[in-house]
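Step one of this worksheet: look at the structure below.
The values are calculated or read from the model by the stated rules, or taken from the named source; none is laboratory data. Worth saying up front: this structure is predicted, and the values here are computed from it rather than measured. Cβ placement follows ideal geometry from the backbone for every residue including glycine, while neighbour counts extend to all protein chains displayed.
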């Protein structure tokens, strides 16, 4: 984080204001991307992303490795420039927004001096901004008061990540970008971290985060944006994104189940785990009817497929569907 702050603080201001689509009331979006492309040689890391994030939203920005998440975050932070298209943060060029302390970030790693204590690290970082919240306050918010005098090199991975969170909070940013924010944290630390994030969001701070913990996106995001190969393939609430993964799961108890026989009966593949059978199908009612009427199955339940199922279905390599056919809501093709 310190390395990011130093780079951003020294960045040359390239235009104070960019064109922006205001929301009702005259406030521009917290983040606005318009047909953004980013190429590295012949590789298209981002391939035509258009996205608005409104002030106060908590948005999960998800996708498999190589989907373009980190590249997009770098462009929002002003650490990279788009090959084409425009990026604005509160209507400003990203480098201007960073210089004004409007945006901050918690990255996966780097930027920490191992020989400084936790408190010294925060005190040093505070001098990189025109004004900051008190160091004691951000330590309290990040849950690291007890380790204030510990050298960074002796902190666990989760403790170092919470230190980065405190560093990101120093300028009291209006937009907070999080890249794998809970990596290395234990369960209790993760719970405390997300409680603090939700409290910040309720006070009006905008949060955009990338994570491999899909349960965090499901539980804490107001909105989920899915990327595949640099393109948005889904954009909506967790419930809306889950609904895009066709089908539901039928689970029942059937002692002595014969997998091959059940597959022939139901016309779809069946998973057998001891006395439990599991069927993923778009025809859940028909499967349930056959199980109850033509087998000895009992304790049957039907559930909607989860966010992990939707993630796999929407970000996997397409087979017979073109990319545009799986795009949802405000996502760009």
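For region 34-100, give me every one of the strands (runs of 3 or more DSSP E) that falls completely inside it and has 1 or more residues that are free of Cβ contacts under 8 Å to residues at least 60 places away in the same chain.
On the way: elements: 43-53, 58-62, 84-89.
Where strands (runs of 3 or more DSSP E) fall fully within region 34-100 and carry at least 1 residues being free of Cβ contacts under 8 Å to residues at least 60 places away in the same chain, they are 43-53, 84-89.
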For this session: Go through region 271-305 residue by residue and tally those that are surrounded by 13 or more Cβ atoms within 10 Å (Cβ to Cβ) and assigned to a helix (DSSP H, G or I).
Result: 7
For this session: Would you please name the residue that is surrounded by the most Cβ atoms within 10 Å (Cβ to Cβ), looking only at residues in region 92-108 that are under 13 Å from residue 167 (Cα atoms) and either at pLDDT 95 or above or in contact with a helix residue (DSSP H, G or I) (Cβ under 8 Å, 6 or more places away or on another chain) (or both)?
Result: 103
Exercise. If residue 123 passes every condition in (1) at pLDDT below 95; (2) part of a helix (DSSP H, G or I) but one, which one does it miss?
Worked result: (1)
Exercise. Of everything in region 32-44 that's more than 17 Å from the chain's Cα centre (by Cα) and under 18 Å from residue 177 (Cβ atoms), which residue is surrounded by the most Cβ atoms within 10 Å (Cβ to Cβ)?
Worked result: 36
For this session: Take region 110-120 and flag every residue that is in contact (Cβ under 8 Å) with a residue 24 or more places away in the chain and within 22 Å of residue 146 (Cα to Cα).
Result: 111, 112, 113, 114, 115, 116, 117, 118, 119
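Residue-wise test of (1) farther than 26 Å from residue 67 by Cβ; (2) modelled with pLDDT of 95 or more; (3) in the same structural domain as residue 52 (by TED's automatic domain parsing).
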residue: 237; (1), (2), (3): no, no, yes
residue: 263; (1), (2), (3): yes, no, no
residue: 268; (1), (2), (3): yes, no, no
residue: 295; (1), (2), (3): yes, yes, no
residue: 313; (1), (2), (3): no, no, no
residue: 317; (1), (2), (3): no, no, no
residue: 327; (1), (2), (3): no, no, no
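Yes/no matrix, rows are residues, columns are (1) assigned to a loop (DSSP other than H, G, I, E, B); (2) more than 16 Å from the chain's Cα centre (by Cα):
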residue: 172; (1), (2): yes, yes
residue: 185; (1), (2): yes, yes
residue: 196; (1), (2): no, yes
residue: 207; (1), (2): no, no
residue: 212; (1), (2): yes, no
residue: 242; (1), (2): no, no
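When you check residue 227 against the structure, is it in a strand (DSSP E or B) and surrounded by 19 or more Cβ atoms within 10 Å (Cβ to Cβ), yes or no?
Considered against the rule, which asks whether it is in a strand (DSSP E or B) and surrounded by 19 or more Cβ atoms within 10 Å (Cβ to Cβ), residue 227 comes out as yes.
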For this session: Please state which one of 196, 210 is assigned by TED's automatic domain parsing to the domain that holds residue 103 and modelled with pLDDT of 90 or more.
Result: 210
Seminar exercise, completed: Residue set 66, 48, 56; condition closer than 29 Å to residue 214 by Cβ and either touching a helix residue (DSSP H, G or I) at 6+ places or on another chain (Cβ under 8 Å) or surrounded by 23 or more Cβ atoms within 10 Å (Cβ to Cβ) (or both); output residue 56
Seminar exercise, completed: Per the filter on region 250-270, residues in a helix (DSSP H, G or I) and exposed (fewer than 15 other Cβ atoms within 10 Å of the Cβ) are 259, 260, 261, 263, 264
